[in-house]
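Structure first, commentary second.
The values are calculated or read from the model by the stated rules, or taken from the named source; none is laboratory data. Nothing here was measured: the structure is a model prediction, and the numbers come from that model. When we count neighbours, we look across all protein chains shown, and the Cβ atoms used for this are built from the backbone with ideal geometry, even at glycine.
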Amino acid sequence: MSRGGEDVRELITHLGLEDVLLVGQSMGASHIWASEHARATAGLSPLARGAVVAGAGHAAHLGEPAAVNGLLMQLAGSLP
């Protein structure tokens, strides 16, 4: 898990990608931390954004795909 970010960076560099939009998902600690943790974590980086889908379970992308896709489209549309 500690290597995950570095692996992604190396893959993006290897593929020569630019202007990449990365979307993350919790790795399984929802039942331990409240959803406010997502916003707090996103606050650690000026480039990060966090969102909580109201009423969704741990795998919001599976339980509420329309809501998640809507949030992703809003995010993508707000980028320069």
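How many of the residues in region 1-32 are hydrophobic (A, V, I, L, M, F, W, C), at pLDDT below 85 and under 23 Å from PRO65 (Cβ atoms)?
Quick first cut of region 1-32, residues hydrophobic (A, V, I, L, M, F, W, C) only: 1, 8, 11-12, 15, 17, 20-23, 27, 29, 32.
If we keep only those that are at pLDDT below 85 too, we end up with 1, 27, 29, 32.
Right, trim to under 23 Å from PRO65 (Cβ atoms) and you get 27, 29.
The number of residues fulfilling the criteria is 2.
Can you name the residue in region 71-80 that is loosely packed, with under 13 Cβ neighbours inside 10 Å and either touching a Leu at 6+ places or on another chain (Cβ under 6 Å) or not polar (S, T, N, Q) (or both) and, of all such residues, is modelled with the highest pLDDT? Reasoning before the result, please.
Our first condition is that a residue be loosely packed, with under 13 Cβ neighbours inside 10 Å; within region 71-80, this holds for 73-74, 76-80.
Pick out the ones that are also either touching a Leu at 6+ places or on another chain (Cβ under 6 Å) or not polar (S, T, N, Q) (or both) and you get 73, 76-77, 79-80.
On the way: MET73: 94, ALA76: 90, GLY77: 91, LEU79: 82, PRO80: 79.
My answer is MET73.
Please identify the pairs in which a residue from region 13-39 that is assigned to a loop (DSSP other than H, G, I, E, B) has its Cβ atom under 7 Å from the Cβ atom of a residue that is at pLDDT below 75 and small (Gly, Ala, Ser), counting only partners at least 6 apart or on another chain.
none
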